[in-house]
Amino acid sequence: MSELTAKITAAKEYISKFWEEEPVAGIILGSGLGNLIQEIARSIEIKYSDIPHFPESTVEGHSGKLILGYMQGKPVVAMAGRFHFYEGFSMKEVTFPVRVMKALGIHTLFISNAAGGMNPAFKVGDLMIIRDHINLQPEHPLRGKNEDTLGPRFPDMSEPYSKALITAANKIAADNNIYLHSGVYVGVQGPTFETRAEYKYMHIIGGDAVGMSTVPEVIVAAHAGLKVFAMSVITDIGIREEENVITHEEVLAAAKEAEPKLTLIFNELIRQL
Ligand code: HPA
């Protein structure tokens with residue numbers, strides 16, 4: 001057994017001691033978007049610091065625990081708080097929880113994040129379904145010897161975000177009068193927000209929103225054969241010439257405001273699984 005596989009197995013076995021159920025879906029929640037975990041019934045919580053080989057989260061707004069329970073009657077595992085490359089973790093560490101959730105049994109991964117908008121049609125508080133991404137992060141989570149038991153050496157990335165889940169989400173949104181964008185997420189390293197020139201550049205290359213997470217988890221999910229549904233809350237607009245000083249507090253406040261809509265969509269998609 002490889003070192004990575006041994007670590008995944010150790011983490012999985014630790015978690016399974018507390019919860020025997022096989023989760024069908026994994027959920028990773030972004031900055032200021034942790035309230036969704038209150039939708040999880042009969043839940044148990046495991047601190048990241050107690051799970052073998054799990055990194056420990058360091059950012060404000062990320063509480064750092066795994067929550068196992070039921071959403072809409074379906075067994076799920078959720079991460080309250082995720083790991084970012086800018087915190088100093090390697091990409092292998094950032095994506096380790098995805099490997100563990102896959103080992104626990106999930107087949108679908110739901111992701112939320114806070115992101116800066118570059119598409120001129122976007123406003124603060126809007127929601128964007130991620131239909132594709134551009135990876136501008138500096139280290140690749142699959143770099144190094146491939147573990148064939150975990151996935152292929154050269155994973156296909158033609159549909160990292162499930163078209164079926166996107167269609168279902170659009171229907172849910174229409175039925176509930178929720179206005180959704182769909183767009184391309186650019187993944188960057190952070191922790192600086194972008195310069196005006198960088199926001200412009202990312203829009204020119206095809207990006208609609210930019211953030212410091214999600215892409216590594218989606219890459220590993222694709223490698224592992226998981227279906228992914230991901231949504232961004234647009235917490236700031238990068239392309240305005242004036243008024244675009246961006247703070248973490250502003251990001252958290254906008255995320256909080258948009259959260260109920262996101263919760264409704266995740267809830268309903270999980271009900272339909
Ligand atoms: N840039 C990068 N990451 C972000 C932003 C942004 O404007 N907003 C929230 N996360």
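The values are calculated or read from the model by the stated rules, or taken from the named source; none is laboratory data. The structure presented is a predicted model; accordingly, all values stated were derived computationally and were not measured. We place every Cβ from the backbone using ideal geometry, glycine too, and count neighbours over all the protein chains shown. Heavy atoms of the whole protein, side chains included, go into the accessibility calculation; ligands, DNA and RNA do not. Shrake-Rupley method; radii C 1.70, N 1.55, O 1.52, S 1.80 Å.
For the range 17-55, a tally of residues being under 20 Å from the mean Cα position of the chain (by Cα) and part of a strand (DSSP E or B) returns 8.
Let's see how each residue does on (1) within 20 Å of residue 16 (Cβ to Cβ); (2) touching a strand residue (DSSP E or B) at 6+ places or on another chain (Cβ under 9 Å); (3) surrounded by 18 or more Cβ atoms within 10 Å (Cβ to Cβ):
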| site | (1), (2), (3) |
| --- | --- |
| 36 | no, yes, yes |
| 83 | no, no, yes |
| 92 | no, no, yes |
| 96 | yes, no, yes |
| 107 | yes, yes, no |
| 118 | no, yes, yes |
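Among the residues of the range 190-244, those that are touching a strand residue (DSSP E or B) at 6+ places or on another chain (Cβ under 9 Å) and among the polar types (S, T, N, Q) comprise 213, 214, 232, 235, 244. The C-beta contact set for the range 182-204 (first residue more than 9 Å from the ligand (Cβ to nearest atom), second residue open to solvent by 70 Å² or more (accessible area, probe 1.4 Å), distance under 6 angstrom, 6+ apart or interchain) comprises 182/131; 189/138.
Looking at 112, 162, 90, which one is touching a residue at least 12 places away in the same chain (Cβ under 8 Å), hydroxyl-bearing (Ser, Thr, Tyr) and more than 16 Å from residue 229 (Cα to Cα)? Matching residue, one of 112, 162, 90: 90. Summed over the range 205-229, the residues that are within 14 Å of the ligand (Cβ to nearest atom) and part of a strand (DSSP E or B) give a count of 3. Within the range 177-191, the set of residues being open to solvent by 10 Å² or more (accessible area, probe 1.4 Å) and closer than 17 Å to residue 212 by Cβ comprises 184, 188, 189, 190, 191.
When residue 96 is tested against (1) part of a helix (DSSP H, G or I); (2) over 19 Å from residue 229 (Cα atoms), exactly one condition is not met: (2). Being more than 16 Å from the chain's Cα centre (by Cα), surrounded by 13 or more Cβ atoms within 10 Å (Cβ to Cβ), free of Cβ contacts under 8 Å to residues at least 24 places away in the same chain and under 24 Å from residue 54 (Cβ atoms), is that true of even one residue in the range 145-156? Yes, the conditions are met somewhere in the range 145-156. Which one is nearest to residue 125 (Cα to Cα) among residues in the range 248-270 that are charged (D, E, K, R) and open to solvent by 60 Å² or more (accessible area, probe 1.4 Å)? Going through the qualifying residues, I end up with 257. Contact map, the range 31-44: first residue within 22 Å of residue 250 (Cα to Cα) and touching a residue at least 60 places away in the same chain (Cβ under 8 Å), second residue open to solvent by 50 Å² or more (accessible area, probe 1.4 Å) and more than 16 Å from the ligand (Cβ to nearest atom), Cβ cut-off under 9 Å, separation 6 or more or different chains; pairs are 35/260.
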